[in-house]
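Engineer: Would you mind keeping the following structure in view while I ask a few things?
Just so you know, all these numbers are worked out from the coordinates, no wet-lab data involved. Computed from a predicted model, the values in this text were never measured in an experiment. Heads up, the Cβs are rebuilt from the backbone with ideal geometry, glycines too, and the neighbour counts pull from every protein chain shown.
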Amino acid sequence: MSITSLTRSAVYGQNGMICSNSPLAAAAGLRVLQDGGTAFDAALAVAAVESVTLVPVCGLGGDSFILAYEASTGRVTNINSSGVAASGAEAEFYRSQGLALMPIQGPHSVSVPGEAAAWESLHRGFCTMPFADLLAPAIGYAEQGFPVSPRIARSFAGNAELLARFSATADIYLTNGGRPPRVGEVLVNRDLGNTIRAVAEGGADAFYRSDIATKMVDGLNNAGGLFTEADFAGHHADVGDAISSSYRGHTVYQTRPPSQGFLLLEMLNIVSGHDLSSMTPNSADSIHLLVEAKKIAYSDRNRLAGDPNFIDWPVDGLLSSEYADLRRDQIHPFQAGGEVRPLTPVDGRGDTTYFCVADGAGNAVSWIHSLSNGFGSGVVAPGTGVLFNNRAGRGFSLEPDHPNVVEPGKRTMHTLNCYLTTVGGEVAIVGGTPGGDLQPQCGIQILTKLVDGGLQPQDAVESPRWFSFPGTDPATINRAGELRVEMGMPDDTIRDLRRMGHNVVQNPLGSYSGVVQLIVRDRRHGVLAGASDPRGDGQAVGY
């Protein structure tokens, strides 16, 4: 495939590579690598700075899912840190208020944040440098401020009404005569700096089991929430083996439930029985195959996915070769199938960020974290600087028999997921993107373009993408099915997809289609190639 509209070159290095949507975070991670830190050390520094500088999309009030590859053992460890619903979050309570869907903003949309526990879990299991040293850059940007980037500024401008709804939120983000910060203006959040400093000194206990937790619970409940301090005190990250599947010689790893990471593996299993290498990337036949596999996998998610502590979620069965054979036979080679409607809405587009890190020793980290929607719930607990997620509002159902019906102490099925592949026991590809329902769809496009299509990393990232819509967003769930393609998709591809029965819609320039960060490792020469998506504000840095 010929790609003629490249706007960036890949970045190459031997000793380390970082791809982040925050150049400030990438720079902080690079300094850690140059000071002798590992990929794990650098990843923690990047995550902390992103939690300050990427205000709308991630932070201490959100969740994290991590894949950590350790070269010395060849093991891929999965760290899942998403929190539970409030103790008072009974479905009947919301139904009694006349609600058919969970509130998507405000205190009832919040679940216990998982970010701080993820930081501590990664540090305890993998890092070599002191915790406080790795959080120091983030503390500096919170207390002394940082210049707002263009896309973050646009997000601020588009969410001014939400930011004004809660006084503690407005006190931080609407300090310029009642308006949010603009491009290049310096944003300071001293309360957040104090909270991160407390975590740096006292670990996760200082966040979940201290006066900070009291302030967070009081702030949420004073706004109408239903939390107890025990909800926060009981939080911990789940640490264990990642789930995986094989594809064309790669072992592809993904985040465990309650993450939807299994979707990418199920889709890869389904298409593995077809010769994608004989199809041109972004041709109608290749896109048709991937889209139909998406429809099948997503129907399984909506029937079965939830908190594995509450429901029986047969992940092993969904990822078996026998099941892939059965599902593969349901794809018509030349005719689009219908959309399979989900049981109830769960998280749609969302606002999230993803980054990846690799070092010269072969270690690698794939990390995704999020507030769910842009600026999450909109609620900041006074005195903490912590902006809370709205994961409960976007992920839980009020339907009594649904696997994601809201219950106290339950986690929602989670859209956050990221991937990492190995070949011969060595890391090969590390990647991911924000985007809710888009994430697994984007993942299969990137991986098949790299593995089957032979594209170079930056080509794969910048190549036009498709998005099979709708997913499960409450605002759009009843819309007619569309296959949304970016501008630049070949005309003959669009024509042939329409002939197959796909309702193809061309997205205008600037429409949301993910922001991929990608590292590909040349195992023979030990060279790292970093590709950062020009659809975002970020960059790849290496040395």
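Engineer: Averaged across orientations, what area in nm² does the convex hull of the alpha carbons in the range 1-121 project?
Structural biologist: On the way: hull surface 49.5 nm².
Average of the hull's projected areas for the range 1-121 equals 12.4 nm².
Engineer: Compute the FRET efficiency between Asn503 and Arg8 as 1/(1 + (r/R0)^6), taking r as their Cβ-Cβ distance and R0 = 45 Å, and round to the nearest 0.05.
Structural biologist: That pair, Asn503 with Arg8, gives E of 0.90.
Engineer: Can you give the charge dipole size of the range 161-312 about its Cα centre, rounded to the nearest 20 debye, using +1 on the beta carbon of Lys and Arg and -1 on the beta carbon of Asp and Glu?
Structural biologist: It comes to approximately 400 debye.
Engineer: If the only charges are +1 at each Lys and Arg Cβ and -1 at each Asp and Glu Cβ, what is the size of the charge dipole of the chain around the Cα centre, to the nearest 20 debye?
Structural biologist: Once rounded to the nearest 20, the dipole reads 920 debye.
Engineer: Separate question: With a cut-off of 19 Å, note down the residues of the range 5-43 whose backbone N falls inside the zone around a label point 7 Å from the Cα of His525 toward its beta carbon.
Structural biologist: Zone members listed by number: 9-18.
Engineer: Of Ala480, Cys58, Ala132, which is farthest towards the positive pole of the chain's charge dipole, taken about the Cα centre with +1 and -1 on the beta-carbons of Lys, Arg and Asp, Glu respectively?
Structural biologist: In the chain, that residue is Ala480.
Engineer: For the range 107-159 and the range 267-323, what is the separation of their C-alpha centers, rounded to whole Å?
Structural biologist: 33 Å
Engineer: I've got another one for you. Once you have a ≥ b ≥ c as the square roots of the Cα gyration tensor eigenvalues for the range 392-543, tell me rounded if a/c is under 1.5, and otherwise prolate or oblate according to whether a/b is larger than b/c.
Structural biologist: Values: a/c = 2.17, a/b = 1.26, b/c = 1.73.
Taking the square roots of the gyration eigenvalues as a ≥ b ≥ c, the range 392-543 is oblate.
Engineer: Ok, one more. Rounded to the nearest 500, what is the 222 nm mean residue ellipticity of the chain from helices alone, with -39500 (n - 2.57) per DSSP H run of 4+ residues and division by all residues?
Structural biologist: -10000 deg cm²/dmol
Engineer: Here's another thing I want to ask about it. So how far, in whole Å, is the C-alpha centre of the range 18-96 from the one of the range 408-453?
Structural biologist: 15 Å
Engineer: Based on the mean of other Cβ atoms within 10 Å per residue, sort peptides 277-284, 47-54 so the most packed one is first.
Structural biologist: 47-54, 277-284
Engineer: Order the peptides 317-325, 74-82 from the highest to the lowest mean number of other Cβ atoms within 10 Å of their residues.
Structural biologist: Details: 317-325: 15.2, 74-82: 22.6.
Per-residue Cβ counts within 10 Å, averaged per peptide and sorted highest first, yield 74-82, 317-325.
Engineer: Of all beta bridges DSSP finds with both residues in the range 370-497, what is the antiparallel percent, to the nearest 5?
Structural biologist: The antiparallel fraction comes to roughly 90 percent.
Engineer: Let me ask another. Would you mind pulling out the separation of the Cα centroids of the range 197-226 and the range 234-253, in Å?
Structural biologist: 30 Å
Engineer: Strictly greater than 27 Å: what percent of every Cα pair in the range 51-204 meets that?
Structural biologist: Percent of Cα pairs beyond 27 Å in the range 51-204: 37.
Engineer: Where does each of Cys442, Cys19 land when they are ranked from fewest to most other beta-carbon atoms within 10 angstrom?
Structural biologist: Cys442, Cys19
Engineer: To make sure I understand, if each residue's beta carbon is the centre and we count other beta carbons within 10 Å, what order do Trp367, Trp119, Trp466 fall in, fewest to most?
Structural biologist: Fewest-to-most ranking of Trp367, Trp119, Trp466: Trp466, Trp367, Trp119.
Engineer: Using 0.36 nm per residue of separation minus the Cα-Cα distance, give me the extension gain between Val183 and Ser321 in nm, one decimal.
Structural biologist: 44.7 nm
Engineer: A follow-up question, please. Based on C-alpha coordinates, I'd like the Rg and Dmax of the range 221-280, in Å.
Structural biologist: Here Rg and the maximum Cα pair distance are 19.5, 60 Å.
Engineer: Tell me, rounded to the nearest percent, the portion of alpha carbon pairs in the chain spaced more than 39 Å apart.
Structural biologist: Summing the P(r) tail past 39 Å for the chain gives 19 percent.
Engineer: Give the order of Glu115, Glu407 when sorted by the count of other beta carbons within 10 angstrom, beginning with the fewest. Mind showing how you got there, number by number?
Structural biologist: On the way: Glu115 29, Glu407 16.
So the residues, fewest neighbours to most, are Glu407, Glu115.
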